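Here the structure comes first, spelled out in structure tokens, and everything after it is commentary.
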Amino acid sequence: MSTDKPILHHFDQSPFAEKIRLVFGFKQLTWNSVRVSRILPRPDLMPLTGGYRRTPVMQIGADIYCDTQIMIRELEARFPAPTLLPHGNSGLPYALAMWSDRVFFQNTVNLVFGTNADKIPQEFIEDRSQLRGARFDTAAMKAAIPQMQDQFRAHVDWIEAQLGDGRAWLLGERSLADIGAYMNIWYMRTNLTDADKMLAPFPRTLAWESRVRAIGHGTRTEISSADAIDIAAKARPQTPTQADPADANGRKPGDRVSVAPDDYGKIEVSGEIVSSSAQHIAIRRHDERAGELVVHFPRAGFVVKPS
Ligand SMILES: N[C@@H](CCC(=O)N[C@@H](CS)C(=O)NCC(=O)O)C(=O)O
């Protein structure tokens, strides 16, 4: 089995995974899919990530990518054409993802969970409460539906306004910005029965939604989680050592650190720095089953501490 084909560890209902599936489609890639359960335990994923438990996770051989921001950066570097960052738009689409992944997404997710509050399985509520370190409060989400509808409409209205001059894509040409914003529309549409009604006042957004959906997912093949561990065990990490002379904290290859998301699900992954920059940190760790691995994280939205 090929070791340099991207493997996505994901579940079909995951909006962040949908973003990466669309990136695969955008770049017309052939990729392997490993389905993970929506709740813990994920006994074949933890050996690869060292504890990071959010979805999705991308694997290329013995290199593991946590968070869609770093996955996109890696996919753009390995498969530069067609680019997700056209016409010199190389910074703003990532910055815009902080809007689509955080503010807009929090709003969408609260709307979805609030509306479907009575259908959420108890195991899911317990799992996500543990992840957040706070009660997953479906009653509060239900009570907030009117506010969430207002907020959601305001975000969609920005998409509609951006498409207002008749352009097909948010930045003029197809880009990462389309995929990030679309994730929220996709998530809302796949979970809310009145999606059509909510989007009816936004005809340009509806037409754009169809265009983004048509990008597709590339060519997907299912493999097992055991196969994925086997691929990691047989591969060697491909990340060369790279120091960051401008690191504000003097970190360097060989230093032991822990890395964790800064918002919730703050589970630390520990290892030894192999490579870092303003936008990435890659740490080496060892697992009994998967062997030597390098785990990659973005810097924006992550906390790095000595360990
Ligand atoms: N910033 C992360 C967010 C990922 C995220 O929050 N994913 C959700 C599922 S769509 C999640 O991890 N939920 C908890 C879990 O699956 O364990 C990214 O861009 O990958």
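The values are calculated or read from the model by the stated rules, or taken from the named source; none is laboratory data. As the structure is a computational prediction, the values presented were derived from the model and not from experiment. Neighbour counts run over all protein chains shown; Cβ positions are idealised from the backbone, glycine included. Side chains included, ligands, DNA and RNA excluded: accessible areas come from the protein's heavy atoms. Shrake-Rupley method; radii C 1.70, N 1.55, O 1.52, S 1.80 Å.
Would you mind stating whether V109 is more than 22 Å from S37 (Cβ to Cβ), within 14 Å of the ligand (Cβ to nearest atom), out of contact with any helix residue (DSSP H, G or I) (no Cβ under 6 Å at 6 or more places or on another chain) and in a helix (DSSP H, G or I)? The answer is no for V109.
The set of residues from the range 259-307 being of a type in the set (G, A, S), part of a strand (DSSP E or B) and either within 22 Å of A235 (Cα to Cα) or away from the ligand (no atom under 16 Å from the Cβ) (or both) comprises S270, G271, S275, S276, A282, G291.
Here the condition is being farther than 29 Å from D178 by Cβ and β-branched (V, I, T); of I120, I145, it holds for I120 alone. Identification of helices (runs of 4 or more DSSP H) wholly contained in the range 136-240 with 3 or more residues that are touching a strand residue (DSSP E or B) at 6+ places or on another chain (Cβ under 6 Å) and of a type in the set (G, A, S) yields 225-234. Looking at H87, H10, just one residue is touching a strand residue (DSSP E or B) at 6+ places or on another chain (Cβ under 8 Å), modelled with pLDDT of 95 or more, buried (at least 20 other Cβ atoms within 10 Å of the Cβ) and more than 15 Å from P298 (Cα to Cα), and that residue is H10. Would you confirm, using the coordinates I've provided, whether R135 is outside the structural domain of D263 (by TED's automatic domain parsing), open to solvent by 50 Å² or more (accessible area, probe 1.4 Å), farther than 18 Å from I7 by Cα and touching a residue at least 12 places away in the same chain (Cβ under 8 Å)? When the stated conditions are applied, R135 does not pass them. Determine if the range 255-276 includes at least one residue that is open to solvent by 70 Å² or more (accessible area, probe 1.4 Å), within 22 Å of the chain's Cα centre (by Cα) and in the same structural domain as P47 (by TED's automatic domain parsing). Yes: the range 255-276 contains one or more residues that are open to solvent by 70 Å² or more (accessible area, probe 1.4 Å), within 22 Å of the chain's Cα centre (by Cα) and in the same structural domain as P47 (by TED's automatic domain parsing). Annotation: of all residues in the range 90-106 being free of Cβ contacts under 8 Å to residues at least 12 places away in the same chain and more than 15 Å from the ligand (Cβ to nearest atom), the one that is most open to solvent (accessible area, probe 1.4 Å) is S90.
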